[in-house]
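Engineer: One structure is given below, represented as structure tokens, and several questions about it will come after.
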Amino acid sequence: MEKVYAQYGCGLSAPDKWLNFDTSPTLRIQKSFVLNLFLGPFLKVKFPKNIIVGDIIKGLPLEENSVDGLFCSHVLEHLSFDDYHTALENSYKVLKPGGTFRLIMPDLEFMVQSYMEKKKLGNDEASTEFIRDTYMVEESRKRGLRAIAEQVLGNSRHLWLWDNSSTIASLEKVGFKDIRKCKFNDSADEMFKLVEEEDRFIGCVSLEMSK
């Protein structure tokens, strides 16, 4: 029986051997014949055709205990505190017993340590750079209909940040086991090489676990 691999929040990364899910409003428009007919010409990004609309918060269209390998990169930080925990619970549900889940997201501890080092060196812009790095605030407030649409439909801002210890604690609470810090392409399962990008691991919480 062929193994099943799935990633959520895939963006434009869509390897053929993976089930690739995303919730982008742009993707939803492209998947709708009527909406794409009218709005398609104005879209700046075109998603690969093999990307599926799927929301980890509502639950991916997958059977429980059906996925051998699960992956998400720079997704969980875009979720609220409650939605983050829901995402982990739904990730656990679809993963097979013995299956592998790898996740990557910005590391709050790394950001704080970087901020403190800059302060020690006398960098007067340390606080500004730290706040910018969190992607949780706005430098300027946009106004008008376009700004409202971006605020309602967009999902670029970070809503919550985690470090290694808090992430591991939340994963253990859901039921994940054998949790370890991981590095780029260090999985025993070669399939993860199809979805991982080395620069996405820099300054990040990167963990591998099983069910």
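The values are calculated or read from the model by the stated rules, or taken from the named source; none is laboratory data. Computed from a predicted model, the values in this text were never measured in an experiment. Positions of Cβ are generated from backbone atoms using ideal geometry, with glycine treated the same way; all protein chains shown enter the neighbour counts.
Engineer: Confirm whether L70 is touching a residue at least 40 places away in the same chain (Cβ under 8 Å) and part of a loop (DSSP other than H, G, I, E, B).
Structural biologist: no
Engineer: Sticking with this structure for a sec: Looking at the range 116-128, is at least one residue at pLDDT 95 or above, in a helix (DSSP H, G or I) and touching a Gly at 6+ places or on another chain (Cβ under 9 Å)?
Structural biologist: no
Engineer: Answer with yes or no whether M136 is outside any helix (DSSP H, G or I), touching a residue at least 12 places away in the same chain (Cβ under 8 Å) and over 25 Å from E196 (Cβ atoms).
Structural biologist: Yes; evaluated as a whole, the condition is true for this residue.
Engineer: Among the listed residues I148, I104, identify the single one that is at pLDDT 95 or above and either exposed (fewer than 15 other Cβ atoms within 10 Å of the Cβ) or not in a helix (DSSP H, G or I) (or both).
Structural biologist: The unique qualifying residue is I104.
Engineer: Give L27, L62 a once-over and let me know the one that is more than 12 Å from the chain's Cα centre (by Cα), assigned to a loop (DSSP other than H, G, I, E, B) and crowded, with 16+ Cβ neighbours inside 10 Å.
Structural biologist: That would be L62, the only listed residue that is more than 12 Å from the chain's Cα centre (by Cα), assigned to a loop (DSSP other than H, G, I, E, B) and crowded, with 16+ Cβ neighbours inside 10 Å.
Engineer: Hey, can you tell me all the residues within the range 158-187 that are in a loop (DSSP other than H, G, I, E, B) and either over 23 Å from N65 (Cβ atoms) or among the basic types (K, R) (or both)?
Structural biologist: First, the residues of the range 158-187 that are in a loop (DSSP other than H, G, I, E, B): 158-161, 163, 175-176, 182-187.
Once the filter is applied, which keeps residues that are in a loop (DSSP other than H, G, I, E, B) and either over 23 Å from N65 (Cβ atoms) or among the basic types (K, R) (or both), the range 158-187 yields H158, L159, W160, L161, D163, K183, F184, N185, D186.
Engineer: Can you name the number of the only condition in (1) part of a helix (DSSP H, G or I); (2) in contact with a strand residue (DSSP E or B) (Cβ under 7 Å, 6 or more places away or on another chain) that G11 fails?
Structural biologist: Evaluating G11 over (1) part of a helix (DSSP H, G or I); (2) in contact with a strand residue (DSSP E or B) (Cβ under 7 Å, 6 or more places away or on another chain) leaves (1) as the failure.
Engineer: Among (1) farther than 18 Å from F192 by Cβ; (2) of a type outside the set (V, I, T); (3) out of contact with any Phe, Trp or Tyr (no Cβ under 8 Å at 6 or more places or on another chain), which single condition is K96 missing?
Structural biologist: (1)
Engineer: Output the qualifying pairs, or none if there are none: Cβ atoms under 8 angstrom, residues six or more apart or on different chains, first residue in the range 45-56 and closer than 16 Å to D16 by Cα and crowded, with 16+ Cβ neighbours inside 10 Å, second residue among the aliphatic types (A, V, I, L, M) and at pLDDT below 95.
Structural biologist: So the pair list comes out as F47/L27; I51/L27.
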